[in-house]
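The values are calculated or read from the model by the stated rules, or taken from the named source; none is laboratory data. All of these numbers come straight from a predicted model, not from anything done at the bench. Cβ placement follows ideal geometry from the backbone for every residue including glycine, while neighbour counts extend to all protein chains displayed.
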Amino acid sequence: MADFEIKDLRASVEGREILKGVSLAISRGEVHAVMGPNGSGKSTLSHTLMGHPGYTVDGGSVIFKGQNVLELEPDERARLGMFLAFQYPVVVPGISMANFLRTAMNSKRGYDGKDKSKQVTPKEFRGLLKGELEVLHMDDSFLPRYINDGFSGGEKKRAEILQMAMLKPEIAILDETDSGLDIDSIKFVAEAVNRMRGPELGILIITHYTRILEFIKPDFVHVLVDGKFVLSGGPEVAERLEKTGYAEWGKEETAQPEEVA
Amino acid sequence: MATVPKVEVGTDYKEKYGFFVPEEYVFKAKRGLNPEIVKEISWMKQEPEWMLNMRLRSLEIFRKKPMPTWGADLSVIDFENIFYYLKASDKQSKSWEELPPDIKATYDRLGVPEAERKFLAGVSAQYESEVVYHSLQEKLTQQGVIFTDTDSALRDHPELFKQYFGTVIPPADNKFSALNTAVWSGGSFIYVPKGVKVEIPLQAYFRINAENMGQFERTLIICDEGSFVHYIEGCTAPIYTTDSLHSAVVEIIVKKNARCRYTTIQNWSTNVFNLVTKRAMAYADATMEWVDGNLGSQITMKYPSVYLMEPGAKGDVLSVAFAGKGQHQDAGGKMIHVAPNTTSTITSKSISKGGGRTSYRGHIKIYPGANNCKSFVKCDALLLDDESRSDTYPYNDVDAENVTLGHEATVSKVSDEQLFYLMSRGIPRAEAETMIVNGFIEPFTKELPLEYAVELNRLIQLEMEGSVG
Amino acid sequence: MGFNAESLEELRGEPDWLRDRRQSALATYERLPSPSKTDEEWRRTDVSRFNPSDFSKLEHLDGLKLERPSGLPAGVILKPLRQAAMDHPELVEPRLFSLVHADRDRFAALHAAFFTGGTFLYVPDGVEFDQPVLGQHLSHEGGNSVLPHTLIVAGRGARFNYLDEYIAEDDAETGYRTGSTEIFLGEGSQVGYVAVQKWGRKVWHFADQRAELGKDSTLRLFNVTLGGKFSKTRVEASLAGEGANAELKAIYFASGDQFFDFHTLQDHRVGNTRSDLLFRGALQDVSRTVYAGMIRIEKHAARSDAYQANRNLVLSDKAKATSIPMLEIDNNDVRCTHGATVGPVDPEHLFYLRSRGIPLQTAKRMLIQGFFGDVLDRIPFEHARKLVEAELESRIG
């Protein structure tokens, strides 16, 4: 039995069926990539796994640590050990990144305002932060800024990975983390992710393009088309897509990005 | 900006502020309002005759003026069922130790002496009708700063007092300014001499303890040329089943190049009617800032205003209102541009929850000849559930040339996207909502000294838990 | 001489129900006092020098010119309102003055008692046509009253455009003018309505426009206010059916000593409704304008969106614009935004244009046109758009 098991997941958006029975088993220590053309259901998969209220689960289960996470609130899923790096991180005015991060870490540790021993100390916070900032080639000037407010595309994505590093999930879903990034940013992000790789972490990379997989080598690659997996295999699947795109499933889209100028 | 430490959950208003101590009074006037009561108050205070006459004249004005027909519903106030004057201690103390034990215990519990030790330059504590404690740092006294209660000021600084009292807000300004002038007692009197900058805030704490009490403090602040002062007021009361009335008048004169900041954290219990007139006159290149937070009370009607009297004057109102169940916060601000080249901004943030109602009510008036003025108003309202209500009533009258005026307002609920994002990081729903609300009022919080910012966020959390009242 | 029972006699030959209505409106007019300065709606709007009796001679019947689009589909009724009251009482009687109430104030009552020369347009269920209906309301002489009223009924799924044009033969005429409109939008109907007010520069003008929007209907209403020495227009949309969508736009250009007043209401009575209001005005000379708008979201009107913006470009030091945008929101699942600005031409913009060699007056004109530009694009049909562009050109240029 894998650590994180998606079984026959079906989901819809505004009455439109998007995921039509997706099954996937991820164990800690593994890196899975889900690839697919536009409209195949990639973002529905990530949002449904994390419990976005705009997505309706029509059937199936997602078992993690003995629980069906589909029955849990998004924050419960996160505290259980899941993490989603958003494709479009939202701007939240008025709340500083620092406050946000600390509150999230305290929540994860079960600190409810009473048991001070569970609280993240300023020293610990700074220590954790410092190491991760270096890897991501960031500085701490973003801390007093409001959540994602005024961040460039690259800054937003790096800030997502920073949050992942701080929150130490066991299952991390990276939703199109490479989109909109230049090659250097992709490298920094990949480096940070690779540093976190290990027997305690399972990773699900959701991507349209193969490029990020050059830097974060997947153990398994699954191809999602029209809400279903049409092909699963090892890294060779990504290589095949790199050459032929999604043509064999009737989609005229390549799996290589246009060069970012 | 203020970062907010994790706060303790579970304490509520009742425990922290809503307690009361048994009533023991040196003097308690009879219920109700008549010339005899007014004479009695004046006699107790051994006031000069001009003040007694002014009080009696104001009582008549109060009798004649109709109740306002706009804003909140005030018809439930029974003016005859209120105690207009209560004296709890027969002298004013300069140390907390000298206070009657139960009064001292009250302020200890509210944390006022501790705050004084940590971060205040002067403190005034009013209990019912009279100021019972007063202090000011020696250094400021030497610089000529006067910070005393208003009754003492009438006695000790009669000329300064008479020169300014009632000049910014005359008794006939409105029904409640007339009432206040008739029965006023306590409040703060501040004079900051030319060029003196009081860098550390002065604070007054207003406490109502008795049932059916009416508190009518009167505050007068004079900032002489080039000076600066930051004055903070806080207020709480026990929770009774019958109502109390708080009707203050605050007059401020900000002279050339001076700056005054007046911060209020209003946290009356939800049986208090809070009907306050606050107005400042700002002269050449002077700045007046009202930072006005309204969380408590059953009904608040309060519109801090600035009269921009000479070129270069600047007025600023930053207002936050939180209305929970049974509360109506009718708040806002007024900017009266009398002189050309004056600027003003009003920023209002309001939150309604559990059937509460917030109304922004504002007035921008630009008089003929007050050319080249700029004024900007921004109102944002957050509605936390579908029982609550928010209104926006901005009134603008521009009679001058080359004026730039802007008004923006939004009303929304807590964004599902923001909530989901926070929850996806493991933050429980209630706490995520509180964070978003605190983020919403952050432009206000960041203007407060850190300790008050923390306190405000804590109060918001209490309100969000719905445990108040 | 004045507006009284005797002058009502002039309007003979109408059905009894309409006579009764006029008489009752006249009684209301006689009963109601003039608006008081303490009334918020009239605080900045001075009517003390307006004496309707000065203009109690009615110009009627011949004041209306209706342009019937060729090939109007069968079943469409388009005729002068008084004629329609006789021919189609079953359509007119239940609706006339049911949205624009005669007892709202003294002026509404006077209009309801003495209206003449208006239009009735009825478009049955499912009928669509492209060519707009043009109603021209003409005043031929000064010193009198011209009081047209438009009643439009759109059946289910009907789609059409209508233009009311209020035209003075003599720009210097005095008089009392109105131009009120009631529009009923049936389920799924789409109505474009444009009113262009260019009465003479010395008249008193009062207009009450109110539309009721049924389920999934769309109203695109556009006002252009140019004429009158005093012009007061109320624009109200009552969103009564889910999915209803009201777009309320206006431009006004005030010059000389003109005074314009606009009061608008976006009344969201049910959920899933949308309204979008934009009033843009430019003022020069010693003109004055007042805009007061209310967005009301009623208790159960969840998932409603409402926008309201009033922008004023003040081109002269002596011109004054007042803007009062108000909200009353009783439901939290809504998005409401409003904004108002009053200000002169941005000096940076002016400088930039001039630094490229454009003379001051030309640059100003370009900026004014730019200011109106994005609203002009929202005029719902081509004919009206061209008319308005030409009007603006001649007034700004």
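Select from the stretch B:256-269 the residues that are in a loop (DSSP other than H, G, I, E, B) and buried (at least 22 other Cβ atoms within 10 Å of the Cβ) and list them in ascending order. Before the answer, list the steps.
So in the stretch B:256-269, the residues in a loop (DSSP other than H, G, I, E, B) come out as B:256-258, B:267-269.
B:Ala258, B:Asn267, B:Trp268, B:Ser269, listed by residue number.
Evaluate the stretch C:162-176: report whether one residue or more is in contact with a helix residue (DSSP H, G or I) (Cβ under 6 Å, 6 or more places away or on another chain), in a strand (DSSP E or B) and within 23 Å of C:Trp42 (Cβ to Cβ). Lay out the reasoning, then the answer.
Looking only at the stretch C:162-176, we keep the residues that are in contact with a helix residue (DSSP H, G or I) (Cβ under 6 Å, 6 or more places away or on another chain), and these are C:163, C:175-176.
This time we only want the ones that are in a strand (DSSP E or B), so: C:163, C:175-176.
Still in the list and also within 23 Å of C:Trp42 (Cβ to Cβ): C:175-176.
Yes, some residue in the stretch C:162-176 is in contact with a helix residue (DSSP H, G or I) (Cβ under 6 Å, 6 or more places away or on another chain), in a strand (DSSP E or B) and within 23 Å of C:Trp42 (Cβ to Cβ).
The single condition among (1) more than 11 Å from chain A (Cβ to nearest Cβ); (2) buried (at least 21 other Cβ atoms within 10 Å of the Cβ); (3) modelled with pLDDT of 85 or more; (4) not in a strand (DSSP E or B) that B:Ala432 does not meet is (1).
Within the stretch B:219-246, residues that are on the phi > 0 side of the Ramachandran plot reach partners that are at pLDDT 95 or above with beta carbons closer than 7 Å, at six or more positions or on different chains, in the pairs B:Gly226/B:Lys194; B:Gly226/B:Gly195; B:Gly226/B:Asn257; B:Gly226/B:Ala258. Annotation: of all residues in the stretch A:178-211 being in contact with a helix residue (DSSP H, G or I) (Cβ under 6 Å, 6 or more places away or on another chain) and hydroxyl-bearing (Ser, Thr, Tyr), the one that is modelled with the lowest pLDDT is A:Ser185. Among the residues of the stretch B:438-452, those that are within 29 Å of B:Glu116 (Cα to Cα) and within 12 Å of chain A (Cβ to nearest Cβ) comprise B:Asn438, B:Gly439, B:Ile441, B:Glu442, B:Pro443, B:Phe444, B:Thr445, B:Lys446. Is one or more of the residues making up the stretch B:170-179 surrounded by 24 or more Cβ atoms within 10 Å (Cβ to Cβ), closer than 29 Å to B:Tyr17 by Cβ, at pLDDT 95 or above and not hydrophobic (A, V, I, L, M, F, W, C)? Yes, the conditions are met somewhere in the stretch B:170-179.
Going by the structure shown, is A:Asn148 farther than 17 Å from A:Pro89 by Cα, buried (at least 19 other Cβ atoms within 10 Å of the Cβ) and either within 13 Å of chain B (Cβ to nearest Cβ) or at pLDDT below 85 (or both)? It is false that A:Asn148 is farther than 17 Å from A:Pro89 by Cα, buried (at least 19 other Cβ atoms within 10 Å of the Cβ) and either within 13 Å of chain B (Cβ to nearest Cβ) or at pLDDT below 85 (or both).
Looking only at residues of the stretch B:372-404 that are at the interface with another protein chain (Cβ under 7 Å from one of its Cβ atoms) and among the polar types (S, T, N, Q), we find that the one that is surrounded by the most Cβ atoms within 10 Å (Cβ to Cβ) is B:Ser390. The residue of the stretch C:374-397 that is farthest from C:Gln131 (Cα to Cα), among those that are of a type in the set (A, V, I, L, M) and in contact with a strand residue (DSSP E or B) (Cβ under 9 Å, 6 or more places away or on another chain), is C:Ile396.
Give me the residue from the stretch A:76-102 that is without any contact (Cβ under 8 Å) to a residue 40 or more places away in the chain and in contact with a Ser or Thr (Cβ under 7 Å, 6 or more places away or on another chain) and, out of that set, farthest from A:Ser43 (Cα to Cα). Filtering first and then ranking leaves A:Asn99. Listed here are the helices (runs of 4 or more DSSP H) enclosed by the stretch B:96-206 that have at least 3 residues being in contact (Cβ under 8 Å) with a residue 60 or more places away in the chain: B:101-110, B:112-119, B:150-156, B:158-164, B:175-183. All of (1) among the acidic types (Asp, Glu); (2) closer than 25 Å to C:Lys202 by Cβ; (3) within 20 Å of the chain's Cα centre (by Cα) hold for C:Asp103 with one exception: (2).
Filter the stretch B:291-304 down to residues that are farther than 14 Å from B:Tyr360 by Cβ and either of a type in the set (S, T, N, Q) or free of Cβ contacts under 8 Å to residues at least 60 places away in the same chain (or both), then give me how many there are.
Here is the first cut: in the stretch B:291-304, the ones farther than 14 Å from B:Tyr360 by Cβ are B:291, B:293, B:295-299.
Add one more test, that the residue is either of a type in the set (S, T, N, Q) or free of Cβ contacts under 8 Å to residues at least 60 places away in the same chain (or both), and what stays is B:297-298.
Total meeting the criteria: 2.
Could you run through the stretch B:405-424 and say how many residues are more than 7 Å from chain C (Cβ to nearest Cβ) and part of a loop (DSSP other than H, G, I, E, B)? Walk me through it before giving the result.
Let us first name the residues in the stretch B:405-424 that are more than 7 Å from chain C (Cβ to nearest Cβ), namely B:414-424.
So of that shortlist, the ones also part of a loop (DSSP other than H, G, I, E, B) come out as B:414-415, B:424.
Qualifying residue count for the region: 3.
Give the residues of the stretch C:127-161 that are part of a loop (DSSP other than H, G, I, E, B) and buried (at least 23 other Cβ atoms within 10 Å of the Cβ), sorted by residue number. Quick ask: steps written out before the conclusion?
Just the residues of the stretch C:127-161 that are part of a loop (DSSP other than H, G, I, E, B), to begin with: C:127, C:129-132, C:140-143, C:147-148, C:155-158.
Result: C:Leu147, C:Pro148, C:Ala158.
On the stretch given as the stretch C:105-126, residues that are closer than 27 Å to C:Pro380 by Cβ and either in a helix (DSSP H, G or I) or touching a strand residue (DSSP E or B) at 6+ places or on another chain (Cβ under 8 Å) (or both) total 10. I'd like to check something: does the stretch C:75-93 contain any residue that is surrounded by 18 or more Cβ atoms within 10 Å (Cβ to Cβ), hydrophobic (A, V, I, L, M, F, W, C), modelled with pLDDT of 95 or more and part of a loop (DSSP other than H, G, I, E, B)? Scanning the stretch C:75-93 turns up at least one residue that is surrounded by 18 or more Cβ atoms within 10 Å (Cβ to Cβ), hydrophobic (A, V, I, L, M, F, W, C), modelled with pLDDT of 95 or more and part of a loop (DSSP other than H, G, I, E, B). Go through (1) polar (S, T, N, Q); (2) over 12 Å from A:Ala33 (Cα atoms); (3) in contact with a His (Cβ under 9 Å, 6 or more places away or on another chain) for A:Thr244 and report which single condition fails. That leaves (3) as the condition not met.
Kindly indicate the residue of the stretch A:120-136 that is in a loop (DSSP other than H, G, I, E, B) and at pLDDT 85 or above and also farthest from the other protein chains (Cβ to nearest Cβ) among those meeting that condition. I'd like the intermediate steps shown before the answer.
In the first step, residues of the stretch A:120-136 are kept if they are in a loop (DSSP other than H, G, I, E, B); the result is A:120-121, A:136.
Filter once more, so that each one left must be at pLDDT 85 or above: A:120-121.
Working: A:Val120: 10, A:Thr121: 12 Å.
Checking each candidate, the answer is A:Thr121.
Only residues in the stretch A:3-17 that are hydroxyl-bearing (Ser, Thr, Tyr) count as the first member; pair them with residues that are in a strand (DSSP E or B), Cβ under 9 angstrom, at least 6 apart or cross-chain, and list the lot. Going by the 9 Å Cβ cut-off, the qualifying pairs are A:Ser12/A:Ile18; A:Ser12/A:Leu19; A:Ser12/A:Tyr55; A:Ser12/A:Thr56; A:Ser12/A:Val57; A:Ser12/A:Asp58. Looking across the stretch C:270-321, the residues that are in a strand (DSSP E or B) and more than 19 Å from C:Leu248 (Cβ to Cβ) come down to C:Leu283, C:Arg288, C:Leu313, C:Val314, C:Lys320. Taking the criterion of being surrounded by fewer than 18 Cβ atoms within 10 Å (Cβ to Cβ) and more than 7 Å from chain B (Cβ to nearest Cβ), the only residue of the stretch C:313-340 that qualifies is C:Ser316.
Criterion applied to C:Thr28, C:Thr45 was being closer than 21 Å to C:Phe262 by Cα and either out of contact with any His (no Cβ under 7 Å at 6 or more places or on another chain) or surrounded by 15 or more Cβ atoms within 10 Å (Cβ to Cβ) (or both), and the one residue passing it is C:Thr45.
If you go through the stretch C:187-202 and keep only what is in contact with a helix residue (DSSP H, G or I) (Cβ under 9 Å, 6 or more places away or on another chain) and surrounded by fewer than 24 Cβ atoms within 10 Å (Cβ to Cβ), you end up with C:Gly192, C:Val196, C:Lys198. The number of residues in the stretch C:203-230 being part of a loop (DSSP other than H, G, I, E, B), in contact with a Leu (Cβ under 9 Å, 6 or more places away or on another chain) and buried (at least 21 other Cβ atoms within 10 Å of the Cβ) comes to 2.
If you go through the stretch B:229-255 and keep only what is over 19 Å from B:Ser129 (Cα atoms) and either out of contact with any strand residue (DSSP E or B) (no Cβ under 7 Å at 6 or more places or on another chain) or outside any strand (DSSP E or B) (or both), you end up with B:Thr241, B:Lys255.
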